[in-house]
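Below is one structure, written out as structure tokens; comments come after it.
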Amino acid sequence: MGEQKKTFVVTRFDPDRDDAPTTREYEIAVQPDWKTLDALNFIKDHVDGTLAYRWSCRMAVCGSCGMMVNGEPRLTCKDVLSQYGDTVHIAPLANFPVVRDLVIEFDGFMEKFERVKPWILRAKEKAVEEGTHRQSPEQLADFQHFSMCINCMLCYAACPVVSNEPAFLGPAAIALGHRYNLDSRDEGNGARNQVFRGDGTVFSCSYANECSEVCPKKVDPAAAVNQAKIGALLDWAKGLVLPRGGPE
Amino acid sequence: MEVRRHDVIIVGGGAAGLRAAVAIADADPSADVALVSKVYPMRSHTVSAEGGAAAVARPDDSLEDHAFDTVKGSDFLGDQDVIQYFVEQAARELILLEHWGCPWSRNEDGTVATRAFGGMTTKRTWFARDKVGFHMLHTLFQHSMRYAQIRRYDEYFVTKLLVDGGAVRGVTALDVRSGELFVIAARAVILCTGGGGRAFPFTTNGNIKTGDGMALAYRAGVPLKDMEFVQYHPTGLPRTGILITEAARGEGGYVRNADGERFLVERDYGVGTKAELGPRDMISRAIVQEIEAGRGLKGTYGEYVHLDLTHLGEAHIEAKLPFVRELARTYVGVDPVHEMIPIRPVVHYMMGGVDVDIDGATDLPGLYAAGETASISMNGANRLGSNSLTECLVFGARSGEKALEFARGSSDASEDVLRQQGAEEGARIDALRGKRKGGEKMAVIREQMAAALERGCGVYREESSLEEACRALAQLRGRYADLGLEDASRVFNTELVAALELGNMLDVAEAVANSALPRKESRGAHTRKDYPHRDDQNFLYHTLCSFDPGGPRIGKKPVTLGRWEPQERKY
């Protein structure tokens, strides 16, 4: 197979030693069928053992290996290397604090994730002895694609609102909350819509659609955010007429 | 050194670990659980499971059939009391997942759909399209967030079990982000870290599957059981080893050789009319034999055969196997709607693991294990596809409840002892971090370990190659002590973590090779060219492998039979 050389310009930062991020260049031979992650793994094994980044499944489902590749958020295990020229820039995901090198800190995301109550809320839980809920294929289809999010956070790196409004729940968290709102087994819309309506949340979205464009799993978080806005508004309007919505 | 205290520590945040945590929280809302994982739980390798989870759900199915399929699949090495408990609890666990939000695929009437799987006599595998592990893991993780008493330690790498007075007392854990080592004390510890497939060169397993829990137990004096039984999944993508689910065959896919023949139908490989839905051990052997007979296809990354889904049609593939299509297109550039997928057998799962009883308890008081980390002897010599996700739930829950019971009846360890053990472990870690002395490169040792395992412990094994593997691995263990590391930073030092993981994999690798050597028979996934038949007279027992500074020590343990006596395994 035809080997080709590429230069990787990789952002480096070690808070123990550096005041600000720098870059380091690695020139290596790459294979035509490599993904961007394959190049990083080669560098780590054979050139520089100090380079820090996260990865695991290498099949685009664990969500660990998101990075900026030539300025765009990419899942590096799915990112075809041959699409790039001789020089490839790799940096940590935008809009997140950096722990080290290509490793971001996402405590804020985890907090938002939990804030949308991503679990089934019901006034009365079903007993296991009663068996499963009935859910038609159509009811499943209502929320299924919003349940495909792998939490890779590429959408946060692409979102123009996240960077300006840190309180904004952001695409993945809203899509997740919305996924449960659409689930026929769930009765928690009222509680989640309250979160959606809260400070700087769903209405901050400026319809930029960048989140859906970068999503490696075609979850379409932009659609979820827009639907969540409508749901939260309707719910609020209903609240003006009726004293209470669903269970909190 | 800071000491944190909890009632129970769970190491690992995949399906088994999360299920254990929820079981404890449900059993006693006042119990304080630490969930310690080297990755955020949603990154755990459960995420990569594709095809489904087995439990009897249809009126035309029975617990007895599920139990017998599992016993037969195990080549009669599974403990029948464990299997009976498993099949009884399986549906309950999958129903709970349904209540917690798992998006199981549905029949038109709204009931949960089931699909066919290898070695199962009827459709009993529940599925959520072909991302079952992903959906189960995310459902469990999201559900676990309801419980404030589950305290997560995300990206903490457990380096050692702390043992005092003949019982486990806690762990030392490296906070990867800060580089600080903590003592986390508890009255019980449950190991749920998955298997160690990464010790092999060609595996479906993600980078995190490094046998950590197995090595932790082994180093604490608990034996590993049945480690010679390593499952090769028949259908992995060349080069990457990425899994193409058995559900592809469950949904009607064929396996073809270079001549286009469905050799599982054309030739006698023991799978009978099951054909492509025979058990994994038999199909992997058949593929290797076809390739050795010159009927494979030659590729850049070795020889392979074809998985053919082209007759299923685009609509069926999109509805039931969309992830298979995405993986084939992304990683081998093949659209299975129109072309056949290149596949070859790939290391997938370890039937062996930490020796535990039906409660998930080890012989070390307070120490439990569940999921792939454990060998509860449900899978024996060969696991049936779709039994392991359910196993994680059934025995995750049970080990959680039993560990909680144990913790209630136990007392706290002395803080002085914990601090002292923590300090000793801290010194070991510090000496390893950025250790520039020593000439051995980590990648070289890792690659040589993997090569030794593949040569010695592949689909087919024999005396000479096994002996060579044991020798090579012992030598690598010596060279590992002379490892040279570059990264002296405390913050997110992945080289340090990888070095600790490599140590764990070497333990697992030695246990696999040394357990396989004395088993002079062929059973399930352990196939000896020099001993091609099963020998119940001499080998109907579990292998135990215990740590010894001089090299692994091998022992035996009886198999628990029950209503089924061993019989010839033919389909």
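The values are calculated or read from the model by the stated rules, or taken from the named source; none is laboratory data. Everything quoted here is computed from the prediction, not taken from an experiment. Note that we place each Cβ from the backbone using ideal geometry, even for glycine, and neighbour counts take in every protein chain shown.
General observations
- Members of the range A:112-135 that are at the interface with chain B (Cβ under 7 Å from one of its Cβ atoms) and either buried (at least 23 other Cβ atoms within 10 Å of the Cβ) or touching a residue at least 24 places away in the same chain (Cβ under 8 Å) (or both): A:PRO118, A:TRP119, A:ILE120, A:THR132, A:HIS133, A:GLN135
- Of all residues making up the range A:10-32, the number that are surrounded by 13 or more Cβ atoms within 10 Å (Cβ to Cβ), assigned to a loop (DSSP other than H, G, I, E, B) and within 13 Å of another protein chain (Cβ to nearest Cβ): 4
- Odd one out for B:ALA451 among (1) closer than 28 Å to B:ALA370 by Cα; (2) within 21 Å of the chain's Cα centre (by Cα); (3) of a type in the set (A, V, I, L, M, F, W, C): (1)
- Candidate set from the range A:51-69 (those that are in contact (Cβ under 8 Å) with a residue 60 or more places away in the chain and at the interface with another protein chain (Cβ under 8 Å from one of its Cβ atoms)); member that is nearest to B:SER489 (Cα to Cα): A:SER64
- Among residues of the range B:1-48 being in a loop (DSSP other than H, G, I, E, B) and of a type in the set (S, T, N, Q), the one that is surrounded by the fewest Cβ atoms within 10 Å (Cβ to Cβ) is B:SER30.
- Candidates B:ASP130, B:ASP60 - the one that is of a type in the set (Asp, Glu), touching a Ser or Thr at 6+ places or on another chain (Cβ under 6 Å) and on the phi < 0 side of the Ramachandran plot: B:ASP130
- Residue within the range B:209-224 that is in contact with a His (Cβ under 6 Å, 6 or more places away or on another chain), modelled with pLDDT of 95 or more, under 30 Å from A:ALA60 (Cβ atoms) and in a strand (DSSP E or B) present: no
- Residues located in the range B:383-439, provided they are in contact (Cβ under 8 Å) with a residue 12 or more places away in the chain, out of contact with any Phe, Trp or Tyr (no Cβ under 6 Å at 6 or more places or on another chain), among the polar types (S, T, N, Q) and in a helix (DSSP H, G or I): B:ASN387, B:SER388, B:THR390, B:GLN421
- Among residues of the range A:95-111 being surrounded by fewer than 20 Cβ atoms within 10 Å (Cβ to Cβ) and among the acidic types (Asp, Glu), the one that is farthest from the other protein chains (Cβ to nearest Cβ) is A:GLU111.
- Enumeration of residues in the range A:33-50 that are more than 7 Å from chain B (Cβ to nearest Cβ), farther than 28 Å from B:ASP130 by Cβ and either in contact with a Gly (Cβ under 6 Å, 6 or more places away or on another chain) or assigned to a loop (DSSP other than H, G, I, E, B) (or both): A:VAL47, A:ASP48
- Total residues in the range B:49-101, condition among the polar types (S, T, N, Q) and surrounded by 24 or more Cβ atoms within 10 Å (Cβ to Cβ): 2
- Flag for A:LEU140 being away from chain B (no Cβ under 13 Å) and touching a strand residue (DSSP E or B) at 6+ places or on another chain (Cβ under 7 Å): no
- The single condition from (1) out of contact with any strand residue (DSSP E or B) (no Cβ under 8 Å at 6 or more places or on another chain); (2) at negative phi that B:ALA53 fails is (1).
- Applying the criterion of being surrounded by 13 or more Cβ atoms within 10 Å (Cβ to Cβ) and of a type in the set (Ser, Thr, Tyr) to the residues of the range B:405-432, the residue that is nearest to B:LEU502 (Cα to Cα) is B:SER414.
Let's see how each residue does on (1) within 14 Å of another protein chain (Cβ to nearest Cβ); (2) closer than 20 Å to B:SER546 by Cα; (3) of a type outside the set (Lys, Arg):
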{"position": "B:VAL444", "(1), (2), (3)": "yes, no, yes"}
{"position": "B:GLY458", "(1), (2), (3)": "no, no, yes"}
{"position": "B:SER465", "(1), (2), (3)": "no, no, yes"}
{"position": "B:ALA469", "(1), (2), (3)": "no, yes, yes"}
{"position": "B:LEU473", "(1), (2), (3)": "no, yes, yes"}
{"position": "B:ARG477", "(1), (2), (3)": "no, yes, no"}
{"position": "B:ALA498", "(1), (2), (3)": "yes, no, yes"}
{"position": "B:ALA509", "(1), (2), (3)": "no, yes, yes"}
{"position": "B:ALA516", "(1), (2), (3)": "no, yes, yes"}
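- Condition met for B:ARG344 (free of Cβ contacts under 8 Å to residues at least 24 places away in the same chain and either in contact with a Pro (Cβ under 8 Å, 6 or more places away or on another chain) or more than 21 Å from A:VAL219 (Cα to Cα) (or both)): no
- So A:THR7, is it outside any helix (DSSP H, G or I) and in contact with a strand residue (DSSP E or B) (Cβ under 8 Å, 6 or more places away or on another chain): yes
- The residue list B:ALA498, B:ALA488, B:ALA511 contains one member that is in contact (Cβ under 8 Å) with a residue 40 or more places away in the chain, of a type in the set (A, V, I, L, M) and crowded, with 23+ Cβ neighbours inside 10 Å, which is B:ALA511.
- B:ASP65 part of a loop (DSSP other than H, G, I, E, B), of a type outside the set (Val, Ile, Thr), out of contact with any Gly (no Cβ under 7 Å at 6 or more places or on another chain) and closer than 21 Å to B:GLY250 by Cα: no
- Those residues of the range B:289-331 which are charged (D, E, K, R) and part of a strand (DSSP E or B), in sequence order: B:LYS298, B:GLU303, B:ASP308
- In the range B:102-114, the residue that is surrounded by the fewest Cβ atoms within 10 Å (Cβ to Cβ) out of those that are within 9 Å of another protein chain (Cβ to nearest Cβ) and of a type in the set (Val, Ile, Thr) is B:THR111.
- Residue in the range A:147-155 that is touching a Gly at 6+ places or on another chain (Cβ under 9 Å) and under 25 Å from B:THR111 (Cβ atoms) present: yes
- Considering A:ALA232, A:ALA208, the condition of being at pLDDT below 95 and either closer than 15 Å to A:ILE150 by Cβ or assigned to a loop (DSSP other than H, G, I, E, B) (or both) is satisfied by A:ALA208 alone.
- Pairs meeting the criteria (first residue in the range A:205-230 and outside the structural domain of A:LEU182 (by TED's automatic domain parsing), second residue among the hydrophobic types (A, V, I, L, M, F, W, C) and modelled with pLDDT of 95 or more, beta carbons under 6 Å, at least 6 apart or on different chains) are lacking.
- Residue in the range B:308-322 that is closer than 27 Å to B:ILE208 by Cβ, out of contact with any strand residue (DSSP E or B) (no Cβ under 9 Å at 6 or more places or on another chain) and surrounded by 22 or more Cβ atoms within 10 Å (Cβ to Cβ) present: yes
- From A:GLY188, A:GLY177, A:GLY170, residue being within 19 Å of A:ALA224 (Cα to Cα) and more than 11 Å from chain B (Cβ to nearest Cβ): A:GLY170
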